[in-house]
Amino acid sequence: MSFTKTTEEDSYYNHLEKMSISELLNNINSEDKTIPLAVEKVLPEIEKLTQIVIEKLKNEGRLFYIGAGTSGRLGILDASECPPTFGVSHELVVGLIAGGDAAIRKAVEFAEDSETQGWKDLQKFNISEKDFVIGIAASGTTPYVISALQKCNDNNIKTGCITCNQGSPLSKTAKYPIVVLVGPEFVTGSSRMKAGTAQKLVLNMISTTTMIQLGKVKGNKMVDMQLSNNKLVDRGAKMIMDALQISEEKAIKLLLKYHSVRNAIANYSDDTETH
C-alpha cells in the first residue's frame, strides 16, 4: 500500500456504515499494522533528534512538547509519565497544548489557530538555548505550533517535530523533522487514529531512549520510579529481591527506608537494620 497520500485525503475504504462490526474491526486493525513499518522508515531522523535531546538534557536543558488537540494531548501524556516512570522532575519534560489545561479534556475553539500564543506559552517557562522544543501536529499545518517553532528558531532554540505529511509547513520549520507517512485515515481526516498512534510510538521512543541514556534505567528495570501506589511498591520490592537475593520482608524494609530501588540496592551493604 502506498503512503503518498496525506492524512487529510480520502480513506482507502468507503461505505463504512454498511460494514459489520467484524469488518470494521478487521479493517482498522489492517491499517494499524502498517504504522510500525512507517515509523521504521524514519528511524535515522528519530535518532538524530534524540541525540540532540539527550545532549540538551545532560547539560541542564529541558524537553518541551507543544501541540494542539490529539497531538497536544499525546505530548502531555508522554511528559506526565516521565516523573513517575523515571523519577525525574516534572520540569524536565513539559507538555503544552493550545488552549491550556482546559483543552486536555475538552476542545477549545480556535485555540490552535493562534500565531502568537504558542511562543507566549513557552516563554512562561523561561525557555532558553539550553532547551529543545518538539512540535507535534499530524497535518503539519497548525499555526499555534508552527509559529512557536519559528520563534524558537529566531532565538537559537533547537527544534524538532513529529508530523505525518511530507513537505508540510511544520516539517519545513523544524530543524529536526520526523515525518511518519501513515497515509489516509480509516475515517477520512480522523488523525487521532493512525497518525496519533504513530506520534505515540515516536514519543515513546524519544523519551524512553533519552531516560535510559540519562541513567534512569538499570539492566531493564525502572530503578528510579516513584513509589506512588502499592503495585509499584511490590514491583520495587521484587527488583530488590532479585538484585540482592534477599527475602521480601528485607526488600520491603529497604525500599520503605530509602524510597527508591536504586538507593536501596546501593545502600544495602551499609545497612545494618536489614541484616
Margin query: With the requirement that a residue be in a helix (DSSP H, G or I) and surrounded by fewer than 21 Cβ atoms within 10 Å (Cβ to Cβ), what does the stretch 41-68 give you?
Written below: Leu43, Pro44, Glu45, Glu47, Lys48, Gln51, Ile52, Ile54, Glu55, Lys56, Lys58
Next item on the list: Find the helices (runs of 4 or more DSSP H) located wholly in the stretch 160-258 whose residues include 3 or more that are within 30 Å of Leu37 (Cα to Cα) and of a type outside the set (Lys, Arg), and list them.
Entry: 169-173, 194-213
Next item on the list: Quick one: Thr188 ticks every box in (1) surrounded by 16 or more Cβ atoms within 10 Å (Cβ to Cβ); (2) in contact with an Asp or Glu (Cβ under 8 Å, 6 or more places away or on another chain); (3) modelled with pLDDT of 90 or more except a single one, so which number is it?
Entry: (1)
Next item on the list: Select from the stretch 10-40 the residues that are surrounded by 12 or more Cβ atoms within 10 Å (Cβ to Cβ), under 26 Å from the mean Cα position of the chain (by Cα) and part of a loop (DSSP other than H, G, I, E, B) and list them in ascending order.
Entry: Thr34
Next item on the list: Output the number of the condition that Ala103 fails; it satisfies all remaining conditions of (1) buried (at least 23 other Cβ atoms within 10 Å of the Cβ); (2) in contact with a Lys or Arg (Cβ under 9 Å, 6 or more places away or on another chain).
Entry: (1)
Next item on the list: Counting only residues that are farther than 24 Å from Asn229 by Cβ and of a type in the set (D, E, K, R), give me the helices (runs of 4 or more DSSP H) lying completely in the stretch 69-155 with at least 2 of them.
Entry: 117-123, 143-154
Notebook entry, point to check: Taking Asn155 and the conditions (1) in contact with a helix residue (DSSP H, G or I) (Cβ under 7 Å, 6 or more places away or on another chain); (2) among the polar types (S, T, N, Q); (3) surrounded by fewer than 20 Cβ atoms within 10 Å (Cβ to Cβ), which numbered condition does it fall short on, given that it satisfies the others?
Noted result: (1)
Next item on the list: Within the stretch 200-242, work out how many residues are modelled with pLDDT of 90 or more, among the polar types (S, T, N, Q) and more than 20 Å from Leu92 (Cα to Cα).
Entry: 1
Notebook entry, point to check: Pick from the stretch 259-275 the residues that are at pLDDT 70 or above and assigned to a helix (DSSP H, G or I): which of them is farthest from Leu227 (Cα to Cα)?
Noted result: Ser269
Checklist line | Residue list for the stretch 177-208, restricted to those being in contact with a Lys or Arg (Cβ under 6 Å, 6 or more places away or on another chain) and either among the acidic types (Asp, Glu) or under 25 Å from Arg62 (Cα atoms) (or both) | finding: Glu185
Notebook entry, point to check: Restricting attention to the stretch 119-131, does a residue exist that is surrounded by fewer than 18 Cβ atoms within 10 Å (Cβ to Cβ), out of contact with any Pro (no Cβ under 7 Å at 6 or more places or on another chain), at positive phi and at pLDDT below 95?
Noted result: no
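The values are calculated or read from the model by the stated rules, or taken from the named source; none is laboratory data. It should be emphasised that the depicted structure is a prediction, and the values quoted were computed from it without experimental measurement. Quick reminder, even Gly has a Cβ in these numbers, built from the backbone with ideal geometry, and neighbours come from all protein chains shown.
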